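Below is one structure, written out as structure tokens; comments come after it.
The values are calculated or read from the model by the stated rules, or taken from the named source; none is laboratory data. Note that the coordinates shown come from a computational prediction; the quantities given were computed from them, not determined experimentally. In this analysis, Cβ positions are derived from the backbone assuming ideal geometry, glycine residues included, and neighbour counts consider all displayed protein chains.
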Amino acid sequence: MTNKFLQPFIVSGVPRSGTSMVTGLIHKHGAWCGTCREADEFNPKGYFENTKIRDLITSNDKIFVSEFPNMVYDTIKEDGYDDTFWVYKENLNRIHVWYLSGFRPIVIFVRRDFLHSVDSYTKHIRANSMSDEDVFEKLKNKKRWMDSYLKSSSEIVVDYKDLIDGRYDALAKALQKGGLELNKSICDQFIDKGLNHHV
């Protein structure tokens, strides 16, 4: 296993906070992303969420941390990974697995105005049976977890509004940490600042 494999970009945050946008931006800068969940009306440019890794994790009731790197490596090699930079979008409650199993992840948390995330997630989930109150509680718990984690860590935080407004300093820092260089034109072309597709 190469150093690039063991140091993935891991993007996380409260649902509907811009994690797809940030993961997509890192992918557009050259990080492998693999087979991803298809785009839809809520994320027209795509979710950039690797379904192979997601299925690996969710289909195993117990994942032994010592085996996790090999399991991930075998899974993404079958998906076309070629030992280069790569990025994965992860749920907040699974970030610790990447640290404990021997990876050296570049973790990037995406932050957005909480009520904007709630509003977006409510629209996103409306076709299901989840009430507005349940959505609020779910996202509040996610935000509380992330805020608590950030108090004791030095992970990079990328702000959704900064990206929409064309401020890429935090993203540039994250890319540089992983050996990539920010290209402003890629960001400007990918982020639909007028229509806010990634909401």
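The figures follow:
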{"read-out": "Per-region count, region 165-181, residues at pLDDT 95 or above and either within 18 Å of Glu155 (Cβ to Cβ) or among the acidic types (Asp, Glu) (or both)", "value": "11"}
{"read-out": "Filter result for Asp82 (of a type in the set (Asp, Glu) and over 28 Å from Lys143 (Cβ atoms))", "value": "yes"}
{"read-out": "Failed item, numbered, when Thr122 is tested on (1) in contact with a His (Cβ under 7 Å, 6 or more places away or on another chain); (2) without any contact (Cβ under 8 Å) to a residue 40 or more places away in the chain", "value": "(1)"}
{"read-out": "First in region 1-24 and of a type in the set (D, E, K, R), second anywhere and surrounded by fewer than 17 Cβ atoms within 10 Å (Cβ to Cβ), Cβ under 6 Å, 6 or more apart", "value": "Lys4/Thr84"}
{"read-out": "Condition met for Phe109 (over 16 Å from Thr19 (Cα atoms), aromatic (Phe, Trp, Tyr) and either touching a residue at least 40 places away in the same chain (Cβ under 8 Å) or surrounded by 19 or more Cβ atoms within 10 Å (Cβ to Cβ) (or both))", "value": "no"}
{"read-out": "Helices (runs of 4 or more DSSP H) enclosed by region 110-194 - at least 1 residues per element that are farther than 30 Å from Lys4 by Cβ and touching a Pro at 6+ places or on another chain (Cβ under 8 Å)", "value": "114-125, 132-151"}
{"read-out": "In region 43-66, residue farthest from the chain's Cα centre (by Cα) [restricted to those that are surrounded by fewer than 12 Cβ atoms within 10 Å (Cβ to Cβ) and in contact (Cβ under 8 Å) with a residue 24 or more places away in the chain]", "value": "Ser66"}
{"read-out": "Residues satisfying the stated conditions in region 69-100, i.e. buried (at least 19 other Cβ atoms within 10 Å of the Cβ) and either more than 19 Å from the chain's Cα centre (by Cα) or of a type in the set (Asp, Glu) (or both)", "value": "Glu90"}
{"read-out": "Check on Tyr88, modelled with pLDDT of 95 or more, touching a strand residue (DSSP E or B) at 6+ places or on another chain (Cβ under 6 Å) and within 16 Å of Ser12 (Cβ to Cβ)", "value": "yes"}
{"read-out": "Test: residue in region 161-174 that is closer than 17 Å to Ala31 by Cα, of a type outside the set (Phe, Trp, Tyr) and out of contact with any helix residue (DSSP H, G or I) (no Cβ under 8 Å at 6 or more places or on another chain)", "value": "yes"}
